[in-house]
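The values are calculated or read from the model by the stated rules, or taken from the named source; none is laboratory data. If you're wondering where the values come from, they're calculated on a predicted model, not measured in any experiment. No Cβ is skipped: glycine too gets one built from the backbone with ideal geometry, and neighbour counts run over all protein chains shown. Surface accessibility is based on the protein's heavy atoms, side chains included, excluding ligands, DNA and RNA. Shrake-Rupley method; radii C 1.70, N 1.55, O 1.52, S 1.80 Å.
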Amino acid sequence: MQNVIEIRNMTKHYPVGTGKFTALEDINLQFGKGEFAGLVGPSGSGKTTLLNIVGTLDNQSEGEVAVLGNDIRILSSRQAADMRSEHIGFIFQTYNLLPHYTVFENVEFPLILLKYPAKKRSDLVMEVLEMVGLTDKVKSKPAKLSGGQCQRVAIARAMVKKPAILLADEPTANLDVDNSHNILQLMVKMNKEMNTSFIFSTHDEKVIRYLRRKINLLDGKVASDTEQLNNDA
Amino acid sequence: MIKFILKGLLRDKSRSLFPIITTSIGVIVTIFMYTYLKGFTEDLVNTNADFQTGHVKIVTGAYADLIEQRPNDLALIGVNDLLTEMNKQYPQIQWAERIHFGGLIDVPDKHGETKEQTYFSGMAIDLIPDDSIEHDLLQPNDSLVRGRAVSSEDEILISDELANSLSISLGDTVTLISDTMEGNMTFGNFMVVGTVRFGVTVMDRRALIADIGGVRRFLDMDDATSELLGFLPEFDDQKVDNMAADFNQKYSDNDDEFSPFMLSLLDQENLRGFFNYTNYMSSFFIAGFIMIMSIVLWNAGLMNGIRRYGEIGVRMAIGESKLHLYFAMIYEAALIGLAGTVIGTVLGLIPSYLMQEVGIDVSSALPDVGMMMSDVIRSKVTTSAYFVGFIPGLFATSLGAALAGIGILRRNTAELFEELEV
Ligand SMILES: Nc1ncnc2c1ncn2[C@@H]1O[C@H](COP(=O)(O)OP(=O)(O)OP(=O)(O)O)[C@@H](O)[C@H]1O
Ligand SMILES: [Mg+2]
């Protein structure tokens, strides 16, 4: 099976003052189709940095990173944007919904960028809102929603284009226990139905229990990479 | 995408309100200044043309050199033939003969002794015929304050101000003392039948209006005139200049100082300078407002960018390219500019119309100079006034957004993105 993401000998430095700080060092990882994997580690271990590079929002300093067969270093900013638009969904800890747009419009936005016709957009949006259980909130603005509902809108927005890869940076950090489980179960379900590869960054035990693959990061290095069978899904 | 942008603008007042207000104010001021300068230029041209310069003016070459002194000894001779020729050559032009003459006005008491005496500034025009072009130009009969129109060659009108200062009553006969064309002193008795006020300070101080027939006899100027004024259906700076050049090539003879010479309106009374100046001022104001508004809107755009940092970051993450975002922001600004321009145009036309209809009386502030200007300054709302606001309105908003948006193009996707996640 072809890997959706291949990382070889990858290192990331940040310039700090006159020197540099190594956030990630000699990372070697592959992610296959339909994975449900998590980057786990303490604060500052490099989880977000790794997700950003894989999500073409940032570039590595050394080594190779291929996303869907594309060497991300040679992608122009336009090509990277196109790749995100078509194949990569993001979910953030703080939801980051567009405040002046309704639930429907927030979820529709990625499809507008993809220039889908209105009818197709509407069908896809309603389909994904059905999956996340928010068909009754179609016309609501984000300010009128609970945290859990907001995160479900964010999931719908990330998944509406049926991306190959979904990157979720601490998606449950602002949610209570019940909402966290709801969100996780929703994502497990989508992962199965759409065959999207999910990659989380987390240090939340609740999330870790759902992972089928757990990658421990420590000080910018992969400390362990293990399969887990005991997930709740 | 357009609908998406519009929704954002309509729902997020802080995104639209301030820029719309800024744009509107800029457009209001631009339109007001524009119509004001248009009115000023038009008044300058019309008043000068009607009262003293014509759109073009034919004099002798020698007279042209000393035109400030109004030297009647250098007047045009053979005017009838010249007029016939002119009517043939320039059928679209209307001509008005005028003689400027100065001297002393002597007001006798009932014993015939001098009661009052002062200088006058006389203008002889075709005053009596009902179809005289002067009824449209100088409009002596519409400017009557007291008395009646002149109906015979020995009657005159004088400025109301002059009449009052000399205590002249209607029906009084005054003696004018002047020089003939040959340079001899001449005396003539004229009856004051009316007083006039033209609303042009220069004219209203010492003017004396007489029929050209009577004055020709008074000054021995048979078939002569000091100036021949020509009027196009509408003033056009390019046309009058070309016409003067063309005329002078055909009729003017450098070796004969009494050959006719044509001056365009712009050649007289420094009007070319004023004309160019007001045109420059219009452009300067518009350019100035584009600049000021662009800077204000640029800053507003920067603030907007900071306020919408998260939105911009997340849109990039979702896959909107920087260039697309950049143009979306400019597009947003252009829509705001359009709304601001429409509002500003409506609001700017209101004071402009008011200024056109009512005007401001500046007679007390006018210096005692020779420049012909109406006492009441008015704006002039032309068709172009409806459109001129779009230049600063659309240009400044777009330029402001284009400058502010450079930050988006420079933005490092990952860095911004991290800041979202605080
Ligand atoms: N732009 C940057 N410039 C300099 N250093 C950075 C930058 N971004 C991240 N770092 C550093 O890189 C290291 C890894 O950061 P990263 O955000 O990837 O950690 P993380 O595992 O996501 O942590 P957390 O759990 O707190 O989100 C940290 O020590 C951080 O200070
Ligand atoms: Mg992080």
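When the stretch A:1-29 is filtered for residues that are polar (S, T, N, Q), assigned to a strand (DSSP E or B) and exposed (fewer than 12 other Cβ atoms within 10 Å of the Cβ), nothing remains.
Comparison of B:LEU82, B:LEU74, B:LEU66 shows that the only residue that is within 30 Å of B:ASN254 (Cα to Cα) and without any contact (Cβ under 8 Å) to a residue 40 or more places away in the chain is B:LEU66.
Of all residues in the stretch A:128-150, count the ones that are away from chain B (no Cβ under 14 Å) and either surrounded by 18 or more Cβ atoms within 10 Å (Cβ to Cβ) or closer than 19 Å to A:LEU184 by Cα (or both). Matching residues across the stretch A:128-150 total 13. Give the stretch A:40-62 a look and list any residue that's crowded, with 18+ Cβ neighbours inside 10 Å and more than 10 Å from ligand 1 (Cβ to nearest atom), or say none. Within the stretch A:40-62, A:VAL54, A:GLY55, A:THR56, A:LEU57, A:GLN60 meet the criteria. When restricted to residues that are of a type in the set (Gly, Ala, Ser) and within 26 Å of the chain's Cα centre (by Cα), the stretch B:28-82 contains 4.
Looking at the stretch B:316-323, can you tell me whether even one residue there is out of contact with any strand residue (DSSP E or B) (no Cβ under 7 Å at 6 or more places or on another chain), within 14 Å of chain A (Cβ to nearest Cβ) and among the hydroxyl-bearing types (Ser, Thr, Tyr)? Checked against the condition, which is being out of contact with any strand residue (DSSP E or B) (no Cβ under 7 Å at 6 or more places or on another chain), within 14 Å of chain A (Cβ to nearest Cβ) and among the hydroxyl-bearing types (Ser, Thr, Tyr), the stretch B:316-323 yields at least one hit. Among residues of the stretch A:30-39 being open to solvent by less than 50 Å² (accessible area, probe 1.4 Å) and outside any loop (DSSP other than H, G, I, E, B), the one that is nearest to ligand 1 (Cβ to nearest atom) is A:LEU39. Checked across the stretch A:190-207, the condition of being modelled with pLDDT of 95 or more, within 18 Å of the chain's Cα centre (by Cα) and open to solvent by 10 Å² or more (accessible area, probe 1.4 Å) holds for no residue. Residue count for the stretch A:151-174 under the criterion of being within 16 Å of ligand 1 (Cβ to nearest atom) and either surrounded by fewer than 17 Cβ atoms within 10 Å (Cβ to Cβ) or more than 13 Å from the chain's Cα centre (by Cα) (or both): the result is 2.
Table: residues versus (1) at pLDDT 90 or above; (2) open to solvent by 30 Å² or more (accessible area, probe 1.4 Å); (3) over 15 Å from the mean Cα position of the chain (by Cα).
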residue: B:LEU219; (1), (2), (3): yes, no, yes
residue: B:GLN238; (1), (2), (3): yes, yes, yes
residue: B:PHE258; (1), (2), (3): yes, yes, yes
residue: B:LEU271; (1), (2), (3): no, no, no
residue: B:MET281; (1), (2), (3): no, yes, no
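Scoring A:LYS119 on the criteria (1) open to solvent by 60 Å² or more (accessible area, probe 1.4 Å); (2) of a type outside the set (A, V, I, L, M); (3) at pLDDT below 95; (4) over 20 Å from B:GLU311 (Cα atoms) leaves a single failure, condition (3).
Have a look at B:SER384, B:SER352, B:SER364, B:SER379 and point out the one that is away from every other protein chain (no Cβ under 14 Å), part of a loop (DSSP other than H, G, I, E, B) and not acidic (Asp, Glu). I'd like the intermediate steps shown before the answer.
Working: B:SER384 fails: part of a loop (DSSP other than H, G, I, E, B); B:SER352 fails: part of a loop (DSSP other than H, G, I, E, B); B:SER364 fails: part of a loop (DSSP other than H, G, I, E, B).
Testing whether each residue is away from every other protein chain (no Cβ under 14 Å), part of a loop (DSSP other than H, G, I, E, B) and not acidic (Asp, Glu) leaves just B:SER379.
Give the residues of the stretch B:207-225 that are within 12 Å of B:HIS100 (Cβ to Cβ) and out of contact with any Pro (no Cβ under 8 Å at 6 or more places or on another chain), sorted by residue number.
Taking the stretch B:207-225 and keeping what is within 12 Å of B:HIS100 (Cβ to Cβ), we get B:207-210, B:212, B:215, B:219, B:221, B:225.
Hits for the stretch B:207-225 are B:ALA207, B:LEU208, B:ALA210, B:ILE212, B:VAL215, B:LEU219, B:MET221, B:THR225.
Sub-7 Å Cβ pairs linking a first residue in the stretch A:96-108 that is in contact (Cβ under 8 Å) with a residue 60 or more places away in the chain to a second residue that is in a helix (DSSP H, G or I), at least 6 apart or interchain, are A:LEU97/A:ASN106; A:LEU97/A:PRO142; A:LEU97/A:CYS150; A:LEU97/A:VAL153; A:LEU97/A:ALA154, ordered by first then second residue. The requirement of being within 14 Å of chain B (Cβ to nearest Cβ) and either within 27 Å of A:ILE112 (Cα to Cα) or within 16 Å of ligand 2 (Cβ to nearest atom) (or both) is satisfied by A:VAL160.
Going by the conditions given, is A:TYR101 facing chain B (nearest Cβ under 8 Å) and modelled with pLDDT of 95 or more?
Numbers: facing chain B (nearest Cβ under 8 Å): yes; modelled with pLDDT of 95 or more: yes.
Yes; evaluated as a whole, the condition is true for this residue.
Which of the residues spanning the stretch A:43-85 are outside any helix (DSSP H, G or I), of a type in the set (A, V, I, L, M, F, W, C) and facing chain B (nearest Cβ under 8 Å)? Let's see the steps before the verdict.
Initial filter on the stretch A:43-85 (outside any helix (DSSP H, G or I)): A:43-46, A:55-71, A:75-76.
Narrowing the set further to residues that are of a type in the set (A, V, I, L, M, F, W, C) leaves A:57, A:65-68, A:75.
Listed by number, the list holds a single entry, A:LEU57.
So how many residues does the stretch B:286-315 have that are within 14 Å of chain A (Cβ to nearest Cβ) and either among the hydrophobic types (A, V, I, L, M, F, W, C) or over 47 Å from the mean Cα position of the chain (by Cα) (or both)? Result for the stretch B:286-315: 9. Among the residues of the stretch B:84-110, the ones that are in contact with a Ser or Thr (Cβ under 9 Å, 6 or more places away or on another chain) and either in a loop (DSSP other than H, G, I, E, B) or open to solvent by 30 Å² or more (accessible area, probe 1.4 Å) (or both) come to 4 in all.
Let's see how each residue does on (1) within 16 Å of ligand 2 (Cβ to nearest atom); (2) farther than 21 Å from A:LYS162 by Cα:
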residue: A:GLY34; (1), (2): no, no
residue: A:GLN60; (1), (2): no, yes
residue: A:THR94; (1), (2): yes, yes
residue: A:LEU97; (1), (2): no, no
residue: A:PHE104; (1), (2): no, no
residue: A:GLU108; (1), (2): no, no
